[in-house]
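Student: Pasting a structure here, questions to come.
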Amino acid sequence: MRFQFSSNWKFCSERMITYCTKCWTQNSSDATTCRNCGAALEPIGGDYTEKLLAALYHPEPGTVQMAAWVLGELRETKAVPALTELLRQSDEPGAIEAAVEALGKIGPTSAVSVLANSSRWPLRVRIKVAEALGSIGEVKTEKALLTMLQDPSSLVKSLAADALSRLLQGARLTFQDFKCRARLDVYSFLLPAGGTS
């Protein structure tokens, strides 16, 4: 896979990196074989995507995280079922966090129901869920974000309120349930200046 990173890790055209789908070593863009394991480097395409999807079931959590991250960067819609299954099956917080982040980048509203069941996950994952739902930014995320207003963490509450506010400002939210609208208004009023306590 070819991604461009500068020294400060923002996307640019200075340097290209190719990831080996066997060992996940970073290689230069002009390499044809992996410098670590010697495997042939796959071009972007069907075989590469299939290997990334298979890597979501790898026993090493770091491999799963890297595969989920790459699939998210690719905005690979074929990965949505595997990523949502990973959320249902995995107990590894890093893998769950990477899958949530990838789903937020891909943006499928089909993942909202899985993301809405985030209360059992650790705080860092619930934060990513609030960010992902905000990134998806569709009316279908409204109910899940409203539920997140009751999270024990003030940061999660704040992120959910911010995402709901952006949806409302974008006129993509109907708020047919006036009780939900009132709860958001009350919560927004109670938030200290700057968002979190």
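Student: For the stretch 131-172, enumerate the residues that are under 21 Å from P93 (Cα atoms), acidic (D, E) and in a helix (DSSP H, G or I).
Tutor: E131
Student: Something else: Which numbered condition trips up W24, out of (1) more than 13 Å from L103 (Cα to Cα); (2) at pLDDT 90 or above; (3) touching a Gly at 6+ places or on another chain (Cβ under 8 Å); (4) not acidic (D, E)?
Tutor: (2)
Student: Please go through the stretch 34-51 and pick out each residue that is aliphatic (A, V, I, L, M), part of a loop (DSSP other than H, G, I, E, B) and surrounded by fewer than 15 Cβ atoms within 10 Å (Cβ to Cβ). Show your work before the answer.
Tutor: Taking the stretch 34-51 and keeping what is aliphatic (A, V, I, L, M), we get 39-41, 44.
Subsequent filtering for residues that are part of a loop (DSSP other than H, G, I, E, B) retains 39, 41, 44.
Matches in the stretch 34-51: A39, I44.
Student: Can you find, within the stretch 138-191, the residue that is modelled with the lowest pLDDT among those that are exposed (fewer than 12 other Cβ atoms within 10 Å of the Cβ) and in contact with a helix residue (DSSP H, G or I) (Cβ under 9 Å, 6 or more places away or on another chain)?
Tutor: T174
Student: List pairs: first in the stretch 100-127 and among the β-branched types (V, I, T), second buried (at least 17 other Cβ atoms within 10 Å of the Cβ) and not in a helix (DSSP H, G or I), Cβ under 7 Å, 6+ apart or cross-chain?
Tutor: Short answer, once both residue conditions are applied: I106/E76.
The values are calculated or read from the model by the stated rules, or taken from the named source; none is laboratory data. These figures come from a predicted structure and were not determined experimentally. Cβ: placed from backbone, ideal geometry, glycine included. Neighbour counts: every protein chain shown.
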